[in-house]
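Worksheet for the structure shown next.
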């Protein structure tokens, strides 16, 4: 009986939270213009659009140790996109990693970072996505084998590695630092690639932004802390230049995945936002690289 009472209380709390979220979303009006800025900063286009394909109608394959994933159609199409989603549905997906039907979303969709976005930014992003031409293209099914294909298994994964809730400014730092932290940790979601993961795919928070080897191939996302293995020799202006046009302080330009990030995302940020990111990164404690050496073939 005691357990039943606890479950009922938990259900009431969850229902109350959901109603509050829906009411908050309904009370706020989204701006497609502001949403376009969030859309670019978050790099949505690159993941949700195939080369030469309809914008946001589904993305290229994303290989991981757990299988190959495909970013879905998020155009306003009512059958194959998110045209039937409410604002509350959209916010819940990005903040809690839960679909409108109540199922867990795979964390290859970086809701572990997007959860920190403000409700207003989420509403604005939703408003911009509603302006994209709807596409009837069905989302491609993920190629994930059992047991990783079981979405119910993501519930304990979330207990271990996911904390929902928007970014709270740190009063120990100024507005520019907090803006940079918000962009890096939430919108631009740098930690998703530049932080090592454990064998279950959870981000190693103790090695935040120390770099990581990408799931396939030899590509490495480098250390972004001011360590000698990272950005110790980079000035804030060097970081801003790299985010603006990919220019590297030692010569050359960023290529491959990071080149795409610069093209589709960071180059479109306001100068003050790129400067805020540089301020935040240079303030981090220097930490040795988290990139693990590849095992030698026998």
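The values are calculated or read from the model by the stated rules, or taken from the named source; none is laboratory data. Fair warning: this is a prediction, and the values are worked out from it, not measured in the lab. All Cβ positions, even for glycine, are placed from backbone atoms using ideal geometry, and neighbour counts span all protein chains on display.
Here are the numbers:
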item: Residue that is surrounded by the most Cβ atoms within 10 Å (Cβ to Cβ) [pool: residues in segment 177-201 that are within 20 Å of residue 288 (Cβ to Cβ) and within 14 Å of the chain's Cα centre (by Cα)]; result: 194
item: Those helices (runs of 4 or more DSSP H) lying entirely in segment 233-298 with at least 3 residues buried (at least 17 other Cβ atoms within 10 Å of the Cβ) and modelled with pLDDT of 95 or more; result: 236-245, 271-283
item: Segment 202-214: number of residues that are more than 15 Å from residue 112 (Cα to Cα) and surrounded by fewer than 16 Cβ atoms within 10 Å (Cβ to Cβ); result: 2
item: Total residues in segment 195-229, condition under 26 Å from residue 156 (Cβ atoms) and not in a loop (DSSP other than H, G, I, E, B); result: 7
item: Some residue of segment 66-77 being in a strand (DSSP E or B), buried (at least 19 other Cβ atoms within 10 Å of the Cβ) and out of contact with any helix residue (DSSP H, G or I) (no Cβ under 7 Å at 6 or more places or on another chain); result: yes
item: Looking only at segment 111-144, and only at residues there that are surrounded by fewer than 19 Cβ atoms within 10 Å (Cβ to Cβ) and closer than 27 Å to residue 29 by Cβ, the one that is nearest to the chain's Cα centre (by Cα); result: 118
item: Residue ID - nearest to the chain's Cα centre (by Cα), chosen from residues in segment 28-55 that are in a loop (DSSP other than H, G, I, E, B), within 16 Å of residue 263 (Cα to Cα) and without any contact (Cβ under 8 Å) to a residue 24 or more places away in the chain; result: 50
item: Qualifying residue in segment 163-172 (condition: at pLDDT 95 or above, in contact with a helix residue (DSSP H, G or I) (Cβ under 6 Å, 6 or more places away or on another chain) and surrounded by 16 or more Cβ atoms within 10 Å (Cβ to Cβ)); result: yes
item: Filtered residue count, segment 100-119, keeping only those that are in a loop (DSSP other than H, G, I, E, B) and either assigned by TED's automatic domain parsing to the domain that holds residue 203 or closer than 18 Å to residue 39 by Cα (or both); result: 7
item: Yes/no for residue 170 being assigned to a loop (DSSP other than H, G, I, E, B), more than 19 Å from the chain's Cα centre (by Cα) and either in the same structural domain as residue 91 (by TED's automatic domain parsing) or within 23 Å of residue 94 (Cβ to Cβ) (or both); result: yes
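Residue-by-condition table, conditions (1) closer than 14 Å to residue 188 by Cβ; (2) in contact with a strand residue (DSSP E or B) (Cβ under 6 Å, 6 or more places away or on another chain); (3) touching a residue at least 60 places away in the same chain (Cβ under 8 Å):
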{"position": "238", "(1), (2), (3)": "no, no, no"}
{"position": "249", "(1), (2), (3)": "no, no, no"}
{"position": "278", "(1), (2), (3)": "yes, no, yes"}
{"position": "282", "(1), (2), (3)": "no, no, no"}
{"position": "286", "(1), (2), (3)": "no, no, yes"}
